[in-house]
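Colleague: The structure follows.
The values are calculated or read from the model by the stated rules, or taken from the named source; none is laboratory data. Predicted, not measured: the structure shown is a model, and the values here were computed from it. All Cβ positions, glycine included, derive from the backbone under ideal geometry; neighbour counts span all protein chains shown. Calculation scope for accessible area: heavy atoms of the full protein, side chains included, ligands and nucleic acids excluded. Shrake-Rupley method; radii C 1.70, N 1.55, O 1.52, S 1.80 Å.
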Amino acid sequence: MEFKKDENSFYQENEADERIAEITYKPVGDSDKVIDADHTFVDPSLRGQGIAEQLVDRLVEEMEKEGKKISPSCPYVVELFKRKPDKYGHIMADEN
């Protein structure tokens, strides 16, 4: 699935221009090297299709290009990073 991007999110819209899937993020403090993945949403009509993980993967891809790490506060992303450390461990910001 292709996602649209704006300043601090990747998303998908339906025909009525309503967001039906999104992941949002913001800088952590004054850091330009760490972002907080703070929210993930997938419309009930799309759930069970792996869309949320695709959103995370798209965010990871973008942060890799920008040389940034992710410090997630979104419960879904926190749990996904814990479940798949081999896939996401390289992008996880150090806990300090």
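Colleague: Could you please state, rounded to a whole Å, how far the C-alpha centre of region 2-25 is from the C-alpha centre of region 35-65?
Modeller: Using only Cα atoms, the two centres lie 10 Å from each other.
Colleague: Another one. Looking only at Cα atoms, what is the convex hull volume of the chain per residue, in Å³?
Modeller: Once divided by residue count, the hull of the chain is 103 Å³.
Colleague: For the residue pair Glu15 and Lys87, what label-to-label distance in nm results when each label sits 7 Å from Cα along the Cα-to-beta-carbon direction?
Modeller: 3.2
Colleague: Now a separate question. Computing the accessible area with a 1.4 Å probe over protein heavy atoms, can you report the carbon and sulfur percentage for the chain?
Modeller: Solvent-exposed carbon and sulfur of the chain make up 46 percent of the total.
Colleague: Before anything else, pin down the relative contact order of the chain: Cα pairs under 8 Å, at least 6 apart, normalised by residue count, whole percent.
Modeller: Contact order relative to length: 23 percent.
Colleague: Spelling out what I want: for every residue of region 18-34, take phi, set θ = phi - 60°, compute 6.51 cos²θ - 1.76 cosθ + 1.60 (Karplus), and round to whole Hz; glycine and proline get x.
Modeller: 9, 5, 10, 7, 7, 10, 10, 8, 8, x, 8, x, 8, 6, 9, 10, 9
Colleague: Measuring with a 1.4 Å probe in the full set of protein chains, what accessible area per residue, in whole Å², belongs to the chain?
Modeller: Per residue, the chain has an accessible area of 61 Å².
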